[in-house]
Every structure is written in structure tokens, then in C-alpha cells.
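So the structure is just underneath, and the comments pick up after that.
The values are calculated or read from the model by the stated rules, or taken from the named source; none is laboratory data. All figures in this text were calculated on a predicted structure; none of them were measured in a lab. Cβ sites come from the backbone with ideal geometry, for glycine too, and all protein chains shown count toward neighbours.
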Amino acid sequence: MSDQQVALRIASVDDRPTVGNLLQLYLHDMSDFVSTSISPEGRYAYPYLDRYWSEEGEAEGRVPFIFTVNGELAGFALKNSHSRLGQPPPTSSIAEFFVLRPWRGQGVGRAAAFALFDHFAGRWEVAQLRTNEPAHRFWRRVIDSYTTSRFLEEDIDTERWNGFVQAFDTPAGKHL
């Protein structure tokens, strides 16, 4: 990946259709791990997407991102401030994170995640469903590398969440 330039940027309202399209691919992939239904029009529901471009969403810490490799679309991330561990705000959390298949396994997700963590200093949480073992392996590897093994992992099994949560703190610009 040495000749590939990964860039992360906040998705503008004009990018909303692109993020929506990528979200459909992500939700299709996620259907391997969680039961979900598809509409008669062939779309997966995601009730929070429009909030990422609203004042209400901004107040909730929602920020949409797109990432590219050498200018080519490679994925998206949705950040919010929802803490599964009950941490007080401000806590940054990855709500959704998706790398297009052609870019997987090349360090693109790692580079995008590092850039995202660098963008927001402070407390972070990253959660994975228990059934999504590939995501759990990916995030543990990325967070372990980012934090040099200084993170907490919780195994949660409640009505509200069944999976893993990694928590860590970061200063801004650590890897810039």
C-alpha cells in the first residue's frame, strides 16, 4: 500500500447519495451477521442516515466520512457519540465503517481508521457484534496497533448489546 494515498474527509450534504449507496452495500454485508429485512424496493432500512446532515445529528456528535485511495472511492465511516459502556460525553464511537471489497486486505481500512481516530481527540469506543468475528479481529488488530496495546476490551451480553467494545483515549494528530 506504500504508493496508495488514503484520504478521509467529512462527507458533505452533496455526498449524502454516495454514502447512502455505500451504506446499502454495508448493510448487505452485515446481513451475514444480523437478521435484517429488505424493503419491497430492494433497500435496507437505516433510520439515522439523514441525521448525519442535520442540526440534531450534529448535537448528537454524528459526523459522516468518506475515504478514498488515490482519489478513488474506497469506503465510508459514520461517527457518533453513543457509548455502549455508559461513558459520559464526549465519547466518539464508530457507528458504521465500510471498506469496498477491492480495497480490503490492503491496509486501507487501517489507514482510514487511524485518520478517523486522529480527527477527534479524546475517548473512543468501537463495538462489534459477537457474531461478526471478522470485524472483531480487524478492530482488535487496528486498535492494538493504534494504541500500542493500551486499550480496554469489554465483552457485553445484555438485551441492548451482544458483542465486544474496545475503549481507548487518543490525542489529536497522533499519526498525522
Practice item. May I ask you to verify whether Ala127 is modelled with pLDDT of 95 or more and either on the phi < 0 side of the Ramachandran plot or small (Gly, Ala, Ser) (or both)? Key: yes
Exercise for review: Test Thr131 against the stated conditions and say whether it is surrounded by 15 or more Cβ atoms within 10 Å (Cβ to Cβ) and polar (S, T, N, Q).
Suggested key: no
**Study point:** Sole residue being modelled with pLDDT of 95 or more and under 15 Å from Asp29 (Cβ atoms), chosen from Leu73, Leu152, Leu100, Leu116
**Key:** Leu100
Point to revise | Residue pairs meeting the criteria (Cβ under 6 Å; at least 6 apart or on separate chains; first over 18 Å from Gln5 (Cβ atoms), in the range 97-108; second small (Gly, Ala, Ser) and surrounded by 15 or more Cβ atoms within 10 Å (Cβ to Cβ)) | key: Phe97/Ala77; Phe98/Gly75
Check your understanding: Among Asp32, Asp15, Asp50, which is surrounded by fewer than 16 Cβ atoms within 10 Å (Cβ to Cβ), of a type outside the set (A, V, I, L, M, F, W, C) and closer than 23 Å to His119 by Cα?
Key -> Asp50
Practice item. For the range 5-31, enumerate the residues that are free of Cβ contacts under 8 Å to residues at least 40 places away in the same chain and under 18 Å from Pro134 (Cβ atoms). Key: Leu27, His28, Ser31
Point to revise | Scope the range 125-141; condition within 14 Å of the chain's Cα centre (by Cα) and β-branched (Val, Ile, Thr); matching residues | key: Val126
Point to revise | strands (runs of 3 or more DSSP E) enclosed by the range 14-108 - at least 1 residues per element that are under 28 Å from Thr158 (Cα atoms) and aromatic (Phe, Trp, Tyr) | key: 91-99
Exercise for review: Report yes if some residue within the range 76-86 is within 21 Å of Asn132 (Cα to Cα), buried (at least 18 other Cβ atoms within 10 Å of the Cβ), among the aromatic types (Phe, Trp, Tyr) and in contact (Cβ under 8 Å) with a residue 24 or more places away in the chain; otherwise report no.
Suggested key: yes
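Sort through Gly122, Gly109 and tell me the only one that's within 14 Å of the chain's Cα centre (by Cα) and of a type outside the set (A, V, I, L, M).
Values: Gly122 fails: within 14 Å of the chain's Cα centre (by Cα).
When all the criteria are applied, what remains is Gly109.
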Exercise for review: Scan the range 109-151 for residues that are assigned to a helix (DSSP H, G or I) and among the aliphatic types (A, V, I, L, M) and report the count.
Suggested key: 8
